[in-house]
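Heads up: the structure comes next, in structure tokens.
The values are calculated or read from the model by the stated rules, or taken from the named source; none is laboratory data. Everything numeric in this text was worked out from a predicted model, so none of it was measured. Counting neighbours? That spans all protein chains shown, and the Cβs are built from the backbone with ideal geometry, glycine included. Surface areas here come from the heavy atoms of the whole protein model, side chains and all, with no ligands, DNA or RNA. Shrake-Rupley method; radii C 1.70, N 1.55, O 1.52, S 1.80 Å.
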Amino acid sequence: HSVMLKFCNLIILILCASLPMNAIGVHFAKEFNDASSHNAKTWGISTAGGNYVFFATQQALFAYDGNDWKSFQINNGTDLRSVYVSRNEGRVYVGAINEFGYFEPGDDGNLVYTCLSDSVAGRRELGNIWGIYEKDHIIYAQGDRNIMKYIPDGNRNVIVSDSCKFDCSAMIDGTLYLGTDRGLKFMAGD
């Protein structure tokens, strides 16, 4: 009786192991069809619904639609550190080293870059833009020691500085939390 039970369990295990992964709802990308994206170190990933996945890499912004790769460059050519797709604004925001801006579709449908950090006093002090978030139609870009608040309505920037180094960040329930070299902080207003 126990031999028969063990045999049945073995058959069930073999059948489950032989099912293709997509039969149980898991899809894996096994390889990509563009060699230019293979060697790019990826710092951030964001999705645009079910159509595109965007990758912030050391080489460029890469967009993947499930079949083809497209790459897009920013002004200063530095490594991209973060990417965020804003469905509210219809833009792909990117952060790099001392650079912050967005891509949006141009007249021909290709993504066109607009630099926002060029108009910021002390732009070179932005450092690496590691995180990009959105709340109430305001975009927050977390740099090494600053938070840049970009208000698309009116095209205004506000820089919020602190004396500590920001190591990481997350927006949870509309509150921006910051991991710093002096402990956990959160942003309240400006």
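Scanning the stretch 134-190 for residues that are more than 23 Å from G101 (Cβ to Cβ) and either touching a His at 6+ places or on another chain (Cβ under 6 Å) or small (G, A, S) (or both) turns up S163, G174, G179, G183, A188, G189. The C-beta contact set for the stretch 167-182 (first residue at positive phi, second residue open to solvent by 30 Å² or more (accessible area, probe 1.4 Å), distance under 7 angstrom, 6+ apart or interchain) comprises G174/K135. Comparison of N33, N51, N39 shows that the only residue that is modelled with pLDDT under 85, closer than 19 Å to R81 by Cβ and not charged (D, E, K, R) is N39. Within the stretch 87-143, the residues that satisfy the criterion of being more than 18 Å from G49 (Cβ to Cβ) and polar (S, T, N, Q) are N98, N110, T114, S117, S119, N128, Q142.
Among the residues making up the stretch 145-177, those that are part of a strand (DSSP E or B), of a type in the set (A, V, I, L, M, F, W, C) and over 21 Å from S86 (Cα atoms) are V160, F166. Taken together, the residues in the stretch 54-77 that are open to solvent by 40 Å² or more (accessible area, probe 1.4 Å) and touching a Phe, Trp or Tyr at 6+ places or on another chain (Cβ under 8 Å) amount to 7. Has the stretch 117-124 got any residue that is at pLDDT 90 or above and outside any loop (DSSP other than H, G, I, E, B)? No - not one qualifying residue is present in the stretch 117-124.
Each residue in the stretch 54-81 was checked for being closer than 17 Å to V112 by Cα and part of a strand (DSSP E or B), and 11 pass.
Regarding the stretch 84-104, can at least one residue be identified that is surrounded by fewer than 17 Cβ atoms within 10 Å (Cβ to Cβ) and more than 17 Å from the chain's Cα centre (by Cα)? No, the conditions are met nowhere in the stretch 84-104.
All conditions in (1) surrounded by 10 or more Cβ atoms within 10 Å (Cβ to Cβ); (2) in a loop (DSSP other than H, G, I, E, B); (3) among the small types (G, A, S) hold for G109, with the sole exception of (1). For the stretch 145-154, does any single residue satisfy the condition of being open to solvent by 30 Å² or more (accessible area, probe 1.4 Å) and modelled with pLDDT of 90 or more? For the stretch 145-154, residues open to solvent by 30 Å² or more (accessible area, probe 1.4 Å) and modelled with pLDDT of 90 or more: absent.
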